[in-house]
Amino acid sequence: MMGKRNPQLDADGKLVHLLTLEGLPAETIVSILDTAAPFASIGEREVKKVPLMRGKAVFNLFFESSTRTRTTFEIAAKRLSADVINLNIGASSTSKGESLLDTIDNLVAMNADMFVVRHGQSGAAHLIASHLQATGKPHVHVVNAGDGRHGHPTQGLLDLYTIRHYKRDFRALSVAIVGDVLHSRVARSLIHGLTTLGTPDVRVIGPKTLLPARVEGMGVSVHHDMREGIAGCDVVVMLRLQNERMKGALLPSSGEFFKHYGLTADKLARAKPDAIVMHPGPMNRGVEIDSPVADGERSVILPQVTFGIAVRMAVMSMIAGA
Ligand code: CP
């Protein structure tokens with residue numbers, strides 16, 4: 001019996017959309033990371049441009065706020081020489097009741113080549129990709145820039161790129177992901193990426209109320225005691241407390257959360273001496289991470305942002321067939 005085809009890959013296995021890291025073959029993930037590596041040096045050149053997407057129209061559709069993802073997608077597209085159109089959602093016709101798919105149809109009528117989409121609804125990017133397929137526009141590509149709690153695949157990829165940059169071999173690593181895993185699309189994407197690449201020890205750490213039910217099914221171990229959970233790990237990934245996604249009180253207070261799950265120098269001392277500290281941003285100092293750790297020598301939080309440009313260049317250029 002034929003298996004269900006991955007909607008992100010064409011019949012030849014070529015990446016045509018990036019919707020999720022779940023189910024993406026390891027070789028595709030490695031190929032994206034390998035493609036990103038030479039792009040990383042373009043930012044250091046005097047002329048920070050290559051012509052790989054010259055003449056392509058990339059539409060940034062951010063229905064939720066963003067600093068890092070929206071800006072680095074724009075920089076990445078411009079470095080690939082694409083034309084970038086940032087739709088001002090607040091001033092667009094979606095605020096007059098136009099549906100998401102009607103907006104997409106209108107932008108396709110303006111000859112869009114690629115949509116980069118952030119949306120509060122899980123599955124929004126999948127919905128657009130299916131709609132483009134159903135309406136005979138399979139040549140228009142979709143990149144998920146974060147959908148609800150579901151996934152943030154380019155963040156997952158830039159996290160993987162950062163880990164590989166500093167630690168080389170996924171198959172010898174212990175990675176601890178700490179905090180609000182329940183609401184985190186970043187955590188979900190990173191867990192899928194790490195397990196696909198063979199990371200033997202992925203741990204999630206947090207209070208019961210902020211860990212998804214049956215998260216062990218994703219191939220991770222669960223810890224509620226942070227000191228015990230980060231002991232001996234190579235990588236500590238801190239997550240933001242996503243108060244905007246919380247329904248009801250899942251925590252006594254942010255002060256109480258910091259006491260038990262905030263990353264301090266004292267707790268970090270339990271990890272390996274050369275462990276790196278990551279955070280996808282936006283970061284809440286004094287809530288999930290202490291300032292001296294966020295700004296300390298083991299923090300790679302700002303390099304993550306820089307690597308994000310190269311990774312997004314790789315994703316867009318591969319999808320566009322450049
Ligand atoms: N990491 C991340 O998605 O940050 P932004 O919300 O600023 O894009």
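The values are calculated or read from the model by the stated rules, or taken from the named source; none is laboratory data. The structure presented is a predicted model; accordingly, all values stated were derived computationally and were not measured. We place every Cβ from the backbone using ideal geometry, glycine too, and count neighbours over all the protein chains shown. Remember, those area values only see protein heavy atoms, side chains included, never the ligands or the DNA or RNA. Shrake-Rupley method; radii C 1.70, N 1.55, O 1.52, S 1.80 Å.
For the chain, the calculated P(r), taken from all Cα-Cα distances in 10 Å bins from zero up to the bin holding the longest distance, is 6, 27, 34, 23, 9, 1 percent. Site pair Asp105 and Ser41 shows an inter-label distance of 4.8 nm when each label is modelled 7 Å from Cα along Cα→Cβ. Normalised per residue, the accessible area of the chain is 43 Å², obtained with a 1.4 Å probe and no contribution from ligands, DNA or RNA.
Computed from the C-beta positions of Thr264 and Ala213 and an R0 of 35 Å, the FRET efficiency is 0.75 to the nearest 0.05.
For the chain, the longest stretch holding no GluC sites (Glu not before Pro) located in a DSSP loop with at most 10 other Cβ atoms within 10 Å is which? Excluding the exposed sites themselves, the longest stretch runs over 47-296. Helix 153-167 and the long axis of the chain differ in direction by around 50°, with both axes built from C-alpha atoms. Taken over the chain, lysine pairs spaced eight or more positions apart, or on distinct chains, with alpha carbons under 14 Å apart number 5. For the chain, the share of accessible area belonging to carbon and sulfur comes to 52 percent (1.4 Å probe, ligands and nucleic acids excluded).
For segment 119-170, trypsin sites (Lys or Arg not before Pro) are listed when DSSP marks them as loop and at most 14 other Cβ atoms sit within 10 Å of their Cβ; the list is Arg168.
Once the Cα atoms are used to define both axes, helix 68-79 deviates from the longest principal axis of the chain by about 40 degrees.
What trypsin sites (Lys or Arg not before Pro) in segment 12-56 are in a loop by DSSP, with at most 15 other Cβ atoms within 10 Å of the Cβ?
Lys14, Arg45, Lys48, Lys49, Arg54
Note on the chain: with charges restricted to the Cβ of Lys and Arg (+1) and Asp and Glu (-1), its dipole about the Cα centre is near 80 debye.
Loop-only trypsin sites (Lys or Arg not before Pro) in segment 197-265, please: DSSP not H, G, I, E or B, and at most 13 other Cβ atoms within 10 Å. Answer by residue number: Arg214, Lys247.
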